[in-house]
Amino acid sequence: MRTLIKAKWIVANDGRSHTLLKDGVVVYEGKHILYVGNAFDGSVDRTIDAGNKLVCPGFIDTHVHSGHRASHRLISDAGRPLYFGQPFLEISVPKEGRVVSGDPRYLKPGDATLNAALELNAMFTVVELLRNGVTTFVEFGSQESVQLALMKQIERFGTRGYLGPGYDSGRWVGDRNGGLKRVHDPEGGLRSLDTAVAFVRKYEGALDDRIRGILVPREVETSTVELLEKTLAFADELKVPMATHAAYSVLEFHDIVREHQMTPIELLDKIGMLRTTLNIGHGNFIADNSNLNYSGARDLELMGTHQCSISHCPINIARRARTLDNWQRYRDAGINISIGSDTYPRDMIMNMRTASLMGKIMGHDYYKAPAGEVFDAATLGGARSLGRNDLGKLAAGALADILIIDFDGRQSLRYGPVRDPIKSLVECGVGDDIDAVIVNGKLCMENGVIPGLDIDDLRDQAQRSGEQIWSTVQDWDPRGRTAEEASPWSFPLHSC
């Protein structure tokens, strides 16, 4: 079926970059776009009149950790200084011998609650992304059972995902003194890599090519050089992208320097992994960051020379008193910036706004990180990191991953008068303004409604799951704290 969308504003593409088209149309047939322009002379089977709304390419979230992330609510305005603001060390690293209760990553096969927990977390993830206009996402390293659960929800809701079981040569655990230590398992890492490769071979191109594979050694400091080298060899053989957390933590940076006498970025360069289709998770604690006081810094130059990609997660790291230092220097170096949500909220519009505001602050210049650049990062930047020329843009031949965004602010005056739709979106918008989502030419959400979904029930399930996790914190927290001790209430609880 051939469908025409007409709208006051369309984000078109001239083959090099986005352009703004006023009073135009987008025509797609099957899963591809046929035409973008002012008028279409051919016949169509359906017309969607988007009126004064914005029609643009779907967002690409390049850094997703599956789940409702209830444990992350324990580190809002809280945390332990010894972790230097690294969130996963706070709430994903239980004391040795214990597991994070309710987290499906720690449940064993045969556990009666495993399948329900996997389904809830995967459904919450895919639905939240879809509701916020994310048509393609990259899951950043959960194990195989999580990837399979996500695949079922992608099949149900029609989105697009890059999946692959994560692996490493050891993990962080909480020691008996309430601190941190790494448990090493090099052979286990190689076995897990084999599992990831088998997964990619089996599912690459599944669900009408909405599933693509990616190889994810979870963190550079928990991966041996051998594991990273084998990852690179398999990525070349399978022709798939890679992702890893690197230059993302003070602890990781110093561990790599101490163990290898080079920075994490220099280590990746030595191995040969630096390339556009290596998604470096965060990449904000590079040697060039003045907070690290590292002499002879050349990480920025190395990353730029190889046109590496970073998944910048503005909201998540700003919550931990960190940010990118700074947006313009990365751009000038030639680094491809994409945007990820990481934890919550999975709202790409809010993440674009945060990236823009923090980019201006860190650059001490209100010309930096403008709306057009952060929008580019959320679309074309993500596509480049995946080696895709058919995503992140509205152009003939590209896949029909399309958003319709409403400027009425859900019956509010939040937007005010709209002159430049991209500036208005970045400055005033939220994910709830997404009116319709089309993926592969299929309408997956219309008028803000996802067919067949009881969103109230999903929200209630997530709340119950969160309450269960919070009630068991003392069992797995390295210091044996309750949820109230780890994360005090904003105001004292009133009791009569």
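Residues in segment 52-68 that are part of a loop (DSSP other than H, G, I, E, B) and within 30 Å of Arg459 (Cβ to Cβ): Lys53, Gly58, His65, Ser66, Gly67, His68.
For residues that are part of a helix (DSSP H, G or I), out of contact with any Phe, Trp or Tyr (no Cβ under 9 Å at 6 or more places or on another chain) and either surrounded by 24 or more Cβ atoms within 10 Å (Cβ to Cβ) or of a type outside the set (A, V, I, L, M, F, W, C) (or both), tally how many sit in segment 352-374. It would help to see each step written out before you state the result.
Restricting attention to segment 352-374, the residues satisfying the condition of being part of a helix (DSSP H, G or I) are 352-363, 371-374.
Add one more test, that the residue is out of contact with any Phe, Trp or Tyr (no Cβ under 9 Å at 6 or more places or on another chain), and what stays is 353-354, 357, 361, 371-372.
Retained after the next criterion (residues that are either surrounded by 24 or more Cβ atoms within 10 Å (Cβ to Cβ) or of a type outside the set (A, V, I, L, M, F, W, C) (or both)): 353-354, 372.
So the answer is 3.
Scanning segment 31-59 for residues that are over 14 Å from Leu399 (Cβ atoms) and aliphatic (A, V, I, L, M) yields Ala39, Val44, Ile48, Ala50, Leu54, Val55. Of the residues in segment 32-64, how many are surrounded by fewer than 22 Cβ atoms within 10 Å (Cβ to Cβ) and closer than 25 Å to Asn389 by Cα? Number satisfying all stated conditions: 7.
Hey, among Gly429, Gly416, which residue is touching a helix residue (DSSP H, G or I) at 6+ places or on another chain (Cβ under 8 Å), over 18 Å from Ser17 (Cβ atoms) and surrounded by fewer than 14 Cβ atoms within 10 Å (Cβ to Cβ)? Steps first, answer last, please.
Values: Gly429 fails: surrounded by fewer than 14 Cβ atoms within 10 Å (Cβ to Cβ).
None of the others qualify; the one that does is Gly416.
Output the residue which, of all residues in segment 121-148 that are of a type in the set (Gly, Ala, Ser) and either without any contact (Cβ under 8 Å) to a residue 60 or more places away in the chain or in contact with a strand residue (DSSP E or B) (Cβ under 6 Å, 6 or more places away or on another chain) (or both), is farthest from Arg346 (Cα to Cα). It comes out as Ser145.
Considering Arg388, Arg410, which residue is assigned to a loop (DSSP other than H, G, I, E, B) and within 21 Å of Glu155 (Cβ to Cβ)? I'd like the intermediate steps shown before the answer.
Numbers: Arg410 fails: within 21 Å of Glu155 (Cβ to Cβ).
None of the others qualify; the one that does is Arg388.
Any idea which of Val250, Val146, Val197 is surrounded by 21 or more Cβ atoms within 10 Å (Cβ to Cβ) and under 18 Å from Phe88 (Cβ atoms)?
Of the residues listed, the single one that is surrounded by 21 or more Cβ atoms within 10 Å (Cβ to Cβ) and under 18 Å from Phe88 (Cβ atoms) is Val146.
Taking the criterion of being modelled with pLDDT under 95 and within 22 Å of Ser66 (Cβ to Cβ), the residues of segment 171-204 that qualify are Arg171, Trp172, Val173. Scanning segment 171-188 for residues that are touching a residue at least 12 places away in the same chain (Cβ under 8 Å) and either among the β-branched types (Val, Ile, Thr) or over 20 Å from Phe84 (Cβ atoms) (or both) yields Val173, Arg176, Val183, His184, Asp185, Pro186, Gly188. Given the options Ala116, Ala206, name the one that is on the phi < 0 side of the Ramachandran plot, hydrophobic (A, V, I, L, M, F, W, C), without any contact (Cβ under 8 Å) to a residue 24 or more places away in the chain and surrounded by fewer than 21 Cβ atoms within 10 Å (Cβ to Cβ). Of the residues listed, the single one that is on the phi < 0 side of the Ramachandran plot, hydrophobic (A, V, I, L, M, F, W, C), without any contact (Cβ under 8 Å) to a residue 24 or more places away in the chain and surrounded by fewer than 21 Cβ atoms within 10 Å (Cβ to Cβ) is Ala116. Tell me, yes or no, whether segment 216-234 has at least one residue that is surrounded by fewer than 23 Cβ atoms within 10 Å (Cβ to Cβ), in contact with a Leu (Cβ under 6 Å, 6 or more places away or on another chain) and small (Gly, Ala, Ser). No, the conditions are met nowhere in segment 216-234. Flag: Arg156 does not match the condition of being crowded, with 19+ Cβ neighbours inside 10 Å, within 21 Å of the chain's Cα centre (by Cα) and in the same structural domain as Ser66 (by TED's automatic domain parsing).
Being surrounded by 19 or more Cβ atoms within 10 Å (Cβ to Cβ) and modelled with pLDDT under 95: is that true of Gly161 here?
Considered against the rule, which asks whether it is surrounded by 19 or more Cβ atoms within 10 Å (Cβ to Cβ) and modelled with pLDDT under 95, Gly161 comes out as no.
In summary, Leu394 fulfils each of the numbered conditions (1) buried (at least 17 other Cβ atoms within 10 Å of the Cβ); (2) free of Cβ contacts under 8 Å to residues at least 24 places away in the same chain with the single exception of condition (2). In segment 456-484, the residues that are within 13 Å of His72 (Cα to Cα) form Cβ pairs under 8 Å with partners that are among the acidic types (Asp, Glu), at six or more places apart or across chains, as follows: Ile469/Asp103.
Does Ala355 fit the bill of being in contact with a Pro (Cβ under 8 Å, 6 or more places away or on another chain) and not assigned by TED's automatic domain parsing to the domain that holds Val426?
Numbers: in contact with a Pro (Cβ under 8 Å, 6 or more places away or on another chain): yes; not assigned by TED's automatic domain parsing to the domain that holds Val426: yes.
Yes.
If the condition is being exposed (fewer than 15 other Cβ atoms within 10 Å of the Cβ) and aliphatic (A, V, I, L, M), then segment 397-413 contributes only Leu413.
The set of residues in segment 39-70 being out of contact with any helix residue (DSSP H, G or I) (no Cβ under 7 Å at 6 or more places or on another chain) and of a type in the set (S, T, N, Q) consists of Ser43, Thr47, Asn52.
The values are calculated or read from the model by the stated rules, or taken from the named source; none is laboratory data. None of the values given here were measured: they were computed from a predicted structure. Glycine gets a Cβ as well: all are built from the backbone with ideal geometry, and neighbour counts include every protein chain shown.
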